[in-house]
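Below is one structure, written out as structure tokens, with a few remarks after it.
The values are calculated or read from the model by the stated rules, or taken from the named source; none is laboratory data. Model, not experiment: these values are computed from the prediction. For neighbour counting, all protein chains shown are included, and Cβ atoms are generated from backbone atoms with ideal geometry for every residue, glycine included.
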Amino acid sequence: MKKLQFICLILLILSSTKSISQLELDKIMSGNEFIGYQPEDIVWSPNSQIIYFRWKHENESVAPYYAYSVADKKYRKLSAEETLMLPVDGFITDDKNSMNLFSKGDRLFEWTPKGTRLIYSKYSPFYVHEILDANRILLREGDNLFLFNKAELSIRQITFFQKGNKSDNQSETSFLINQQEELFEIVRTDKKRKEARTNFYEAHSFKEISPVYLEGKYLSFISVNKQLTQVVFGLDKYPEDAPTHIEEYVNASGYSRSVNARPKVGSQDPHHEIYCWNLKEDTCFQIQFDHLTDVKKRPEFFKEYEKENFKSESDKSKKMVFLDHGFNDSGDKYLLEIKSYDNKDRWIVCYDTLTKKSAEVEHQRDEQWIGGPGISGWKLEAGNVGWINNDKVYFQSEESGYSHLYTADISDESKIKKENLTTGNFEIHQATLSKDKTKFFITANKNHPGNREFYSLDIATKKLTPILTTDGNHEVYISLMKNF
């Protein structure tokens, strides 16, 4: 009897386990439909009084927009008409918060506490590149930048990038043309008349900036100082790799089709270049970085293959990728981050547009792999680097074995002074500079490796003030006014 009861108990447990397991699997695989959808795409309003977000509920195909009032502590669903005049998808502002802009399709709006107004519209793709001040806005259309002055209601082209080669737009002088000019006076006379007409019209016309020809390359970034006198831009040349093909059997047409896939492993890396364009002098030249520390040093793992034939240095500089971090407020110094294609080196460099010289602010090398919080293990992704003032920059480094925040004084480029803002056996996972540039808002795991606590760090005193330090992962969205 006891044996029968034991067998029945085992069968009951197995039956219950099976049903629970089946129930859990079905529910878990349903994802958010089981646990509920969380708010997403969280955005503060420019005055820090409203929080916009999207929130999908049961039986909704698309997550609609909502607005939460900080004062009333209530939220409501927004209609499609309301969202057209609100910065529900975010906005862009300048350093002093003097102008807040957002775009909807081909329209550019300015948000003010009194309301939203349309300030620019064009039926061609464009976006806001940068807000220079309360009146000047840099717009990018295609490969070029345009200055829109809200006060003057004027638009002026700043850059002049053109596709193709310079030689395509210049007539070649052949031996026959030169001979005809030597033999016939009428040819020489016509040439002088054309040159005279050209010089006349040039003297009576505004001087236009010379075009920069892309020569089959692609613009990776454009950075302009606020004085609109210097431009630094990157050009990328991609190899023509033949794609592979795979067959797609499941699609709406009901017929299989061949689609492109990634090229085979072993394809060549892109080639990257960086240039400085002096708009005032109308000169453009490539910036070279052959002087950087370990720029020719080869990875140590080659020793395993080359043995006694191993050479520690190569004849050429490493392949590098350039990551833009912009100009200082004075517009005379440009900050960039450089990563090597072998993922062993990372440089932070300051380029002086007046002296045309670059100073190595920081060099980081790791024989395994350069990466970590605020650094990024992907060479094409920029790390946490930026300006604090005209002569001081900040960056993150794993020099101590942990990712920490550092500053560097570059007022004297021959004696760069590096200083750590944080230290200890923990990592800085995120660091955001405040608008007044006096403190950082930091996410770190100071109390436990699995935590993401939230702090404020005073730059002058290096004092770390706890804000959210309970166990767990705190996902923080800081308002523009920094009061929430």
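Any residue in region 399-414 that is without any contact (Cβ under 8 Å) to a residue 60 or more places away in the chain and touching a Pro at 6+ places or on another chain (Cβ under 7 Å)?
Yes, some residue in region 399-414 is without any contact (Cβ under 8 Å) to a residue 60 or more places away in the chain and touching a Pro at 6+ places or on another chain (Cβ under 7 Å).
Just one of GLU337, GLU399, GLU360 is out of contact with any Lys or Arg (no Cβ under 9 Å at 6 or more places or on another chain), among the charged types (D, E, K, R), surrounded by 13 or more Cβ atoms within 10 Å (Cβ to Cβ) and not in a loop (DSSP other than H, G, I, E, B); which is it? Give the derivation first.
Details: GLU337 fails: out of contact with any Lys or Arg (no Cβ under 9 Å at 6 or more places or on another chain); GLU399 fails: not in a loop (DSSP other than H, G, I, E, B).
Going through GLU337, GLU399, GLU360 in turn, just one is out of contact with any Lys or Arg (no Cβ under 9 Å at 6 or more places or on another chain), among the charged types (D, E, K, R), surrounded by 13 or more Cβ atoms within 10 Å (Cβ to Cβ) and not in a loop (DSSP other than H, G, I, E, B): GLU360.
Give the residue, chosen from THR470, THR443, that is surrounded by fewer than 17 Cβ atoms within 10 Å (Cβ to Cβ), outside the structural domain of ASP329 (by TED's automatic domain parsing) and either touching a residue at least 40 places away in the same chain (Cβ under 8 Å) or polar (S, T, N, Q) (or both). Working first, answer last.
Values: THR443 fails: surrounded by fewer than 17 Cβ atoms within 10 Å (Cβ to Cβ).
Selected residue: THR470, the only one of THR470, THR443 that is surrounded by fewer than 17 Cβ atoms within 10 Å (Cβ to Cβ), outside the structural domain of ASP329 (by TED's automatic domain parsing) and either touching a residue at least 40 places away in the same chain (Cβ under 8 Å) or polar (S, T, N, Q) (or both).
Quick one: which of GLU172, GLU195, GLU182, GLU215 is under 30 Å from CYS276 (Cα atoms), of a type in the set (D, E, K, R) and at pLDDT below 90?
Values: GLU195 fails: under 30 Å from CYS276 (Cα atoms); GLU182 fails: under 30 Å from CYS276 (Cα atoms); GLU215 fails: at pLDDT below 90.
Just a single option satisfies the conditions, and that option is GLU172.
For region 115-132, enumerate the residues that are surrounded by 15 or more Cβ atoms within 10 Å (Cβ to Cβ) and among the charged types (D, E, K, R).
GLU130
Looking at region 432-440, is at least one residue within 23 Å of THR469 (Cα to Cα), assigned to a strand (DSSP E or B) and of a type in the set (Phe, Trp, Tyr)?
Of all residues in region 432-440, those within 23 Å of THR469 (Cα to Cα) come to 432-434, 438-440.
Filter once more, so that each one left must be assigned to a strand (DSSP E or B): 432-433, 439-440.
Next cut, of a type in the set (Phe, Trp, Tyr) only: 440.
So far as region 432-440 goes, yes, one or more of its residues are within 23 Å of THR469 (Cα to Cα), assigned to a strand (DSSP E or B) and of a type in the set (Phe, Trp, Tyr).
Is it true that THR461 is among the β-branched types (Val, Ile, Thr), surrounded by fewer than 13 Cβ atoms within 10 Å (Cβ to Cβ) and under 30 Å from PRO39 (Cα atoms)?
Numbers: among the β-branched types (Val, Ile, Thr): yes; surrounded by fewer than 13 Cβ atoms within 10 Å (Cβ to Cβ): yes; under 30 Å from PRO39 (Cα atoms): no.
The answer is no for THR461.
Checking the condition of a type in the set (Asp, Glu) and closer than 24 Å to PHE327 by Cα, which residue from GLU367, GLU399, GLU381, GLU427 passes? Outline the logic, then answer.
Values: GLU367 fails: closer than 24 Å to PHE327 by Cα; GLU399 fails: closer than 24 Å to PHE327 by Cα; GLU427 fails: closer than 24 Å to PHE327 by Cα.
Selected residue: GLU381, the only one of GLU367, GLU399, GLU381, GLU427 that is of a type in the set (Asp, Glu) and closer than 24 Å to PHE327 by Cα.
Taking SER167 and the conditions (1) outside the structural domain of ASN97 (by TED's automatic domain parsing); (2) touching a residue at least 40 places away in the same chain (Cβ under 8 Å), which numbered condition does it fall short on, given that it satisfies the others?
For SER167, the failing item is (2).
How many residues, within region 23-40, are polar (S, T, N, Q) and either at pLDDT 80 or above or part of a helix (DSSP H, G or I) (or both)? Don't jump to the end; show me each part of the working.
Narrowing region 23-40 to residues polar (S, T, N, Q): 30, 32, 38.
Next cut, either at pLDDT 80 or above or part of a helix (DSSP H, G or I) (or both) only: 32, 38.
Counting residues in region 23-40 that are polar (S, T, N, Q) and either at pLDDT 80 or above or part of a helix (DSSP H, G or I) (or both) gives 2.
Please go through region 57-81 and pick out each residue that is charged (D, E, K, R) and in contact with a strand residue (DSSP E or B) (Cβ under 8 Å, 6 or more places away or on another chain).
Initial filter on region 57-81 (charged (D, E, K, R)): 58, 60, 72-74, 76-77, 81.
Hits for region 57-81 are LYS74, ARG76, LYS77.
Please work out which residue is surrounded by the fewest Cβ atoms within 10 Å (Cβ to Cβ), limiting yourself to region 244-286 and to residues that are touching a strand residue (DSSP E or B) at 6+ places or on another chain (Cβ under 7 Å) and of a type in the set (Asp, Glu).
GLU247
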